[in-house]
Amino acid sequence: MAERSVLVTGGTGGLGGAVTTAFLTAGWRVVVPERGARPRSEPAADGLVRLVADLTDPAGAARAVEAAAGEPAAPLRAVVNLVGGYASGGLVHETPVEEFERMLTANLRPTYLVTQAALPHLVAAGGGAVVCVSARAAVAPFPGAAGYVTAKAAVLAFANAVAVEYRSRNVRCNTVLPSIIDTPANRAAQPDADHSRWVAPAEIAPVIRFLASGESAPTSGATVPVYGRA
């Protein structure tokens, strides 16, 4: 039986599958919210809990957190915020504000709502960890994606604020910054790129698991690059 739970948002995405597997292998109870129910032929792995929740909605985020914190034998000790999205466009003067705000909704809003709902549970459990996923673009912007760049920079700033506010309550918050993740979707979008330089999900997942575990207990407010050779 698992003795601790982790909530992994975006756990069905290109990075999420590797992260979920890393925690299950390490003996965690893993709760993965999904936006909609999916038909499945395979049973859930031992220790994996799936539920339907819209994490851009406060009630949905709260429901996901309650499920993650609802097993007394395995209290919620970590939250991993993977959910997000990417969209490119024109330069700033060519980008409608609706598209700009859509990136904030996709990347920052779920991270904020889930973390906000989870913090009281982490404090009540005696401490824990929050891991957020930003992007290298937050510190090294590129043209044509101002909404995405701004949203990922905001995720990084938010994580640092959580680290400062909850340090005395034994809750840590760290951020990983991937470059281009080697996923099928990214390969399809950039078929002519040198994919060998990208970072694989299986390389990022152990870093996230480490930051969520007691092994990284002295570390909070860290910004960890996971660039591969990109």
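Worth a mention:
- Here the stretch 70-116 is assigned +1 on the Cβ of each Lys and Arg and -1 on the Cβ of each Asp and Glu. Its dipole about the Cα centre then comes out at about 240 debye.
- Pairs of Cα atoms nearer than 8 Å and 6+ residues apart set the relative contact order; for the chain it is 20 percent.
- With protein chains left intact and a 1.4 Å probe, residues in the chain average 47 Å² of accessible area per residue.
- Heavy-atom surface analysis with a 1.4 Å probe gives the chain a carbon and sulfur content of 55 percent of its accessible area.
- Max mean-square fluctuation residue, GNM over the chain, Cα-Cα springs under 10 Å, options Thr12, Thr111, Thr95: Thr95
- Local net charge near Val131, Cβ-Cβ under 10 Å (Lys/Arg +1, Asp/Glu -1): +2
- For the stretch 77-199: rounded, prolate or oblate by the Cα gyration tensor [a/c cutoff 1.5]: prolate
- Hydrodynamic radius by Kirkwood, which averages 1/r over all alpha carbon pairs of the stretch 41-86, in angstrom: 12.3
- Helix 97-124 and the longest principal axis of the C-alpha atoms of the chain enclose an angle of approximately 20°.
- With Cα atoms, 0 to 90° folded angle of helix 16-25 axis to the chain main axis: 30
- Comparing Ala129, Ala154, Ala64 in a Gaussian network model of the chain where C-alpha atoms under 10 Å apart are linked, the largest mean-square fluctuation is found at Ala154.
- Extension gain, Ala45 to Arg197, is 51.6 nm, computed as 0.36 nm per intervening residue step minus the present C-alpha separation.
- C-alpha long axis of helix 201-212 to longest principal axis of the chain, angle in °: 50
- FRET efficiency, Ala140 to Met1 (Cβ-Cβ, R0 30 Å, nearest 0.05): 0.10
- Rg/Rh ratio calculated on Cα atoms of the chain (Kirkwood radius): 0.96
- Compactness ratio for the stretch 178-228: Cα radius of gyration over 2.2 N^0.38 Å (N = residue count) comes to 1.37.
- Those trypsin sites (Lys or Arg not before Pro) in the stretch 7-93 that DSSP places in a loop and that have at most 11 other beta carbons within 10 Å: Arg40
- Environment charge at Gly27 (Cβ cut-off 13 Å; Lys +1, Arg +1, Asp -1, Glu -1): +2
- Cβ-based net charge around Leu104, under 14 Å, with every Lys or Arg adding one and every Asp or Glu removing one: 0
- Span from the the stretch 209-230 Cα centroid across to the the stretch 81-123 one, whole angstrom: 21
- Coil-residue GluC sites (Glu not before Pro) of the stretch 1-76, DSSP, other Cβ within 10 Å capped at 12: Glu3
- When Ser196, Ser179, Ser134 are compared by accessible area at a 1.4 angstrom probe, the order from most to least is Ser196, Ser179, Ser134.
- Gyration tensor over the Cα atoms of the stretch 141-230: the corresponding equivalent ellipsoid has semi-axes (square roots of 5 times the eigenvalues, largest first) of 28, 17, 8 Å.
- Using only side-chain charges placed at the Cβ, +1 for Lys and Arg and -1 for Asp and Glu, the dipole size of the stretch 158-217 relative to its Cα centre rounds to 300 debye.
- The chain, helix-only ellipticity at 222 nm - DSSP H runs n ≥ 4, -39,500 (n - 2.57), divided by all residues, nearest 500: -12500 deg cm²/dmol
- Amide H to amide H, with H built 1.01 Å from N, Ala200 comes under 5 Å of Asp182, counting only residues 5 or more places away or on other chains.
The values are calculated or read from the model by the stated rules, or taken from the named source; none is laboratory data. Because the structure is predicted, anything quoted here is derived from the model rather than measured. For neighbour counting, all protein chains shown are included, and Cβ atoms are generated from backbone atoms with ideal geometry for every residue, glycine included. What goes into the accessible areas is simple: the full protein's heavy atoms, side chains included, and nothing from ligands, DNA or RNA. Shrake-Rupley method; radii C 1.70, N 1.55, O 1.52, S 1.80 Å.
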